[in-house]
1. How many residues does segment 290-309 contain that are over 27 Å from T121 (Cβ atoms) and in contact with a strand residue (DSSP E or B) (Cβ under 8 Å, 6 or more places away or on another chain)?
2. All but one of (1) out of contact with any Lys or Arg (no Cβ under 7 Å at 6 or more places or on another chain); (2) not β-branched (V, I, T); (3) not in a strand (DSSP E or B) hold for N346; which doesn't?
3. Could you look through segment 188-245, keep only residues that are part of a strand (DSSP E or B) and at pLDDT below 95, and pick out the one that is surrounded by the fewest Cβ atoms within 10 Å (Cβ to Cβ)?
4. Name the single residue that is surrounded by the most Cβ atoms within 10 Å (Cβ to Cβ) among those in segment 154-172 being closer than 20 Å to P59 by Cα and among the hydrophobic types (A, V, I, L, M, F, W, C).
5. Residues in segment 22-33: is at least one assigned to a loop (DSSP other than H, G, I, E, B), in the same structural domain as R153 (by TED's automatic domain parsing), in contact (Cβ under 8 Å) with a residue 24 or more places away in the chain and in contact with a His (Cβ under 9 Å, 6 or more places away or on another chain)?
6. I'd like to check something: does segment 123-135 contain any residue that is surrounded by 22 or more Cβ atoms within 10 Å (Cβ to Cβ) and assigned to a strand (DSSP E or B)?
7. I'd like to know if segment 85-95 contains one or more residues that are touching a helix residue (DSSP H, G or I) at 6+ places or on another chain (Cβ under 8 Å), part of a helix (DSSP H, G or I) and closer than 16 Å to G195 by Cα.
8. Return the pairs, sorted by first residue and then second, in which the second residue is of a type in the set (S, T, Y) and in a loop (DSSP other than H, G, I, E, B), the first residue lies in segment 80-91 and is farther than 10 Å from V131 by Cβ and touching a residue at least 24 places away in the same chain (Cβ under 8 Å), the beta carbons are less than 8 Å apart, and the residues are 6+ apart or on different chains.
Amino acid sequence: MRAYGERSPYETTERVIRELTASPGTGSSRTPHQDLFGTITPSALHFERHHSGVPGIDPATHELLIHGLVDRPLVLTMDDVRRFPSFSRTYFLECGGNSIGEQSGNTQPDVQKSHGLLSCTEWTGVSLALVLREVGLKPEAKWMIAEGADAGRMARSIPIEKVLDDALLVYGQNGEALRPEQGYPLRLLLPGWEGNTNVKWLHRLQFTAEPAMSAKETAYYTELGKDGKAQIFTFVMEARSVITRPSGGQRLAPGGGFHEITGLAWTGKGKITRVEVSVDGGKAWADAVLQEPVLSLAVARFRFPWMWDGKPAVIQSRCTDETGFLQPTHDELIAVRGLNSGYHYNAIKPWQVSADGSVTHV
């Protein structure tokens, strides 16, 4: 008997870890979607992105300061936060730089490397709008500055409309406390918005009339278009999908036969309503089955039956969300956005199945 359950020693799935700078703890890890089932990412395999390492925070001493354009500034302990009515919701979380580089032809060999900065979790916490009733927002409060307690004091500017809509103060993840790498003991969650706005190790919320343009927001989170104009505050993650099996690095038994094509689809604009699969490089498309329930702002699992004839094939998926947005091809996306920025890349990802059964990127 073990005090905390572990996986079978025969299961060796791991995240790809990438150190981005010489600073210890600064980098990312990626979710191995090719090895997972269903829609929920295990907490231990949730992707990570750290700008200044992972702080070790004692929840007994952690506090959240709420100040600025409010009538009653407030400091909340973790006990205070947990006294508010709580609920659990399943939402995806995706880094704005997921698949960065693919727009310029730097295609990644497997789904973990190309789409691994995405995870889907059941989060538990409280409505931020409910908490803010305690402080009384002033009418001129139009932005919220959310700041983390990591060494870099990671901060993002959030429009007040999102704050009062569905923003959460989260302390639970998949039925237990947040993992330290996911912001323990408290993080901000903004469903459907790019990962960096979901500030971890949250310790300060300041309400202002204007956004506070931090150096990180100016340097990292702007997108340069093909016309040379830069966009900032492009928060929402648009609809995209990817086949996870069969996918790059996997192998089918040669000679053909039945295979289930399966993968994930998600959108920051509500629900996925349709996923189509092509097995001939995009010449013809057929509807896949969406696994129920299909939740808003969460990952949806799709499945498609395929009788492979044993010949070379290119398989790919595309999705449509409830706004009618159809996932674009690489060429369609580049025609609109150009090649200057790799953020928010959501084009179709094709996989090549060779006659020997090997699967590689296109």
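The values are calculated or read from the model by the stated rules, or taken from the named source; none is laboratory data. Keep in mind the model is a prediction, meaning the values are calculated, not measured. Don't worry about glycine lacking a Cβ; one is built from the backbone with ideal geometry, like all the others, and counts go over all protein chains shown.
1. Qualifying residue count for the region: 4.
2. Just one mismatch for N346, condition (1).
3. My answer is A230.
4. Per the stated criteria, the residue is V170.
5. no
6. Yes, because at least one residue in segment 123-135 is surrounded by 22 or more Cβ atoms within 10 Å (Cβ to Cβ) and assigned to a strand (DSSP E or B).
7. No: zero hits.
8. Cβ pairs passing all conditions: T90/T39.
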